1. Pull out all pairs, ordered by first then second residue, where Cβ-Cβ is under 9 Å, the residues are six or more apart or on different chains, the first lies in the range 142-162 and is farther than 13 Å from residue 121 by Cβ, and the second is among the aromatic types (Phe, Trp, Tyr) and in a helix (DSSP H, G or I).
2. Can you say whether residue 194 is assigned by TED's automatic domain parsing to the domain that holds residue 77 and either closer than 26 Å to residue 83 by Cα or under 20 Å from the mean Cα position of the chain (by Cα) (or both), as far as the supplied structure shows?
3. I'd like to check something: does the range 79-100 contain any residue that is within 30 Å of residue 270 (Cβ to Cβ), assigned to a loop (DSSP other than H, G, I, E, B), aliphatic (A, V, I, L, M) and in the same structural domain as residue 147 (by TED's automatic domain parsing)?
4. With respect to residue 38, determine if the residue is under 27 Å from the mean Cα position of the chain (by Cα), at pLDDT below 95 and among the aliphatic types (A, V, I, L, M).
5. Residue by residue through the range 208-235, note down the ones that are touching a residue at least 40 places away in the same chain (Cβ under 8 Å), in a helix (DSSP H, G or I) and closer than 20 Å to residue 154 by Cβ.
6. Quick check: anything in the range 153-162 under 23 Å from residue 44 (Cβ atoms) and modelled with pLDDT of 95 or more?
7. When the range 109-137 is examined, which residues are found to be in a loop (DSSP other than H, G, I, E, B) and surrounded by 12 or more Cβ atoms within 10 Å (Cβ to Cβ)?
8. Starting from the range 58-70, take each residue that is hydroxyl-bearing (Ser, Thr, Tyr) and list its partners that are surrounded by fewer than 12 Cβ atoms within 10 Å (Cβ to Cβ) and not in a loop (DSSP other than H, G, I, E, B), counting only C-beta distances under 9 angstrom and pairs at least six apart or across chains.
Amino acid sequence: MSGLLSGLEQFGLGKLEGMSLFESPKEKAADAKAAAPVMQEQDFIFDKSHTCPVCDKEFKVKTVKVGKVKLIGSDQDMRPRYEQIDMLKYDVIMCPYCGYTSLSRYFKFLTGPQMKKIKENICANFKPANKEEKEIYSYDEALERYKMALVNAIVKQTKASEKAYICLKTGWLLRGQAEHLKKEEPDYDKKKAEIEAQENEFLKNAFDGFLAARQSEGFPMCGMDECTVDYLIAVLAMRFEQFDVASKLIASVIVSPGANPRMKDRARDVKEELVKKIKEKKAAK
C-alpha cells in the first residue's frame with residue numbers, strides 16, 4: 001500500500017515520504033519550546049538620548065524597554081521584582097560630560113540655584129571615567145551611578161524625600177546584587193555580608209529621610225501617596241526595631257479610607273509580623 005507521499009523519490013525527496021501528516025501535541029510543544037528565543041538582559045535594553053540640563057550636551061543612557069518587562073512581584077518594602085532583569089540598575093541618568101546625575105524621575109528638574117551648586121561642586125571637579133562601553137550595566141557600575149545621584153542630590157540641597165528615595169532604591173539595588181552573587185565565587189560569605197551591611201546603611205538613611213520628609217513635605221512624595229509612604233516607613237521602622245513608629249503608622253494605614261484593599265492586606269501582614277517581633281524582643285529581655 002502506497003503512502004500519502006509516495007513517489008517523491010523522483011524529485012530527490014525520498015527521505016520525506018514517511019513524514020507524518022499531523023504533528024502530535026508533544027511534538028508541537030517540543031517545537032514551540034525549541035523555537036522560543038532565550039531572552040538576555042541586553043534584549044530589554046536600548047540607548048535613549050538625553051540632553052543634560054546643566055551642560056546642554058546630548059548623550060545616551062541605557063534604558064529598559066518597559067513594555068517588554070514583566071513584573072512578577074515585590075518585597076515587603078515594595079522593592080519590585082521583574083523577570084530576567086533588575087530594572088533598578090537602569091533608573092539613574094548620568095551625564096558623562098559634566099557629572100550631573102539624578103534618578104530619571106528628577107533629571108530634568110533643576111532650579112537656578114541648584115544648577116549653580118552642581119556646576120561649582122560637581123562639574124568643576126568631575127573627571128569622566130574612561131570605561132569600555134558595555135551592553136548592560138553590572139551591579140557595581142549601577143551602584144556607582146546611584147552614589148553619583150546621591151552626591152548630586154546632597155550638593156543641590158534637594159528635598160529630604162528625594163535623598164531618602166535614592167537611598168531606598170540603592171538599598172534595593174544592593175539586595176539584588178547579593179541575590180545574584182554566585183556561591184562558587186571566592187569569599188562569597190564575606191562579599192555577601194559586606195553587601196548586606198551596605199544595604200542596611202542605605203535603608204536606615206532612607207528611613208530617617210522619609211520620616212523627616214513626612215513632617216515637612218506634602219504629598220504625593222516621590223510619586224507615592226500618604227498611605228504608601230506610611231506603609232513604607234512602617235516596614236523600614238520594623239526592620240530597625242523602631243516598633244513604636246512602625247505600630248503607629250501601620251495602624252493608620254489599616255484604618256485609612258484612602259488606602260486600597262491590597263495595601264490594607266499588606267499592612268495587616270506587616271502588623272502580624274510586627275506583633276511577633278515585639279513579643280520576641282520582650283521574651284529575650
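1. Taking only residues 6 or more apart or on different chains, the pairs are 142/90; 146/202; 150/202; 160/210; 161/210.
2. Yes, satisfied.
3. As a first pass, look at the range 79-100 and keep what is within 30 Å of residue 270 (Cβ to Cβ): 79-92.
Among the residues that remain, those that are also assigned to a loop (DSSP other than H, G, I, E, B) are: 79, 83-86, 91.
Pick out the ones that are also aliphatic (A, V, I, L, M) and you get 85.
So of that shortlist, the ones also in the same structural domain as residue 147 (by TED's automatic domain parsing) come out as 85.
Scanning the range 79-100, I find at least one residue that is within 30 Å of residue 270 (Cβ to Cβ), assigned to a loop (DSSP other than H, G, I, E, B), aliphatic (A, V, I, L, M) and in the same structural domain as residue 147 (by TED's automatic domain parsing), so the answer is yes.
4. On the way: under 27 Å from the mean Cα position of the chain (by Cα): yes; at pLDDT below 95: yes; among the aliphatic types (A, V, I, L, M): yes.
Considered against the rule, which asks whether it is under 27 Å from the mean Cα position of the chain (by Cα), at pLDDT below 95 and among the aliphatic types (A, V, I, L, M), residue 38 comes out as yes.
5. 208, 209, 210, 212, 213, 216
6. no
7. If the condition is that a residue be in a loop (DSSP other than H, G, I, E, B) and surrounded by 12 or more Cβ atoms within 10 Å (Cβ to Cβ), then 110, 126, 136, 137 are the ones that fit.
8. 63/47
The values are calculated or read from the model by the stated rules, or taken from the named source; none is laboratory data. In this text, all values refer to a predicted model and were calculated from it rather than measured experimentally. As a convention, Cβ positions derive from the backbone with ideal geometry for all residues, glycine included, and neighbour counts pool all protein chains shown.
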